[in-house]
Amino acid sequence: MAGKLNINVTIEDIPLPLQVSSPEEEKIYRDAASMIQHRVQRLRDAYPSLPSDKYYYVMALLNTAVESVKASNRQDTSPYIEMMADIEKELETL
């Protein structure tokens, strides 16, 4: 697909116009928006007396960032390390 797709996702009644490069990317954005919306609602249910909506948004953002950091720390690099060791062995025999 050569062109960009114009889509709208909505979080907390805020429409967000976006351009995506493929239907697969569109699904990712829609799933992410849904995840954020559910996370904000769970926080509202868990902490009903926070002083303003921005606290829910910031807490959801923080939770999402923590998950991202944890996921990046879990990346398994052992296949790449093994591949580099194999390449180094091959280079040594040349």
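The values are calculated or read from the model by the stated rules, or taken from the named source; none is laboratory data. What you see is a predicted model; the values in this text were computed from it and never measured. As a convention, Cβ positions derive from the backbone with ideal geometry for all residues, glycine included, and neighbour counts pool all protein chains shown.
Annotations
- Wholly within segment 23-94, helices (runs of 4 or more DSSP H) carrying at least 1 residues that are under 17 Å from residue 12 (Cα atoms) and either without any contact (Cβ under 8 Å) to a residue 60 or more places away in the chain or not acidic (Asp, Glu) (or both): 23-46, 53-74
- On inspection, residue 41 fails the criterion of being touching a strand residue (DSSP E or B) at 6+ places or on another chain (Cβ under 8 Å) and surrounded by 10 or more Cβ atoms within 10 Å (Cβ to Cβ).
- Single residue of segment 10-24 satisfying the filter (within 19 Å of residue 43 (Cβ to Cβ) and of a type in the set (Val, Ile, Thr)) that is surrounded by the fewest Cβ atoms within 10 Å (Cβ to Cβ): 14
Residues checked against (1) loosely packed, with under 10 Cβ neighbours inside 10 Å; (2) among the aromatic types (Phe, Trp, Tyr); (3) modelled with pLDDT under 85:
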site	(1), (2), (3)
58	no, no, no
62	no, no, no
70	yes, no, no
75	yes, no, yes
82	no, no, yes
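- Of all residues in segment 33-67 being touching a Ser or Thr at 6+ places or on another chain (Cβ under 9 Å) and hydrophobic (A, V, I, L, M, F, W, C), the one that is nearest to residue 4 (Cα to Cα): 33
- Just one of the listed residues (85, 60) is of a type in the set (Gly, Ala, Ser) and within 26 Å of residue 33 (Cβ to Cβ), and it is 60.
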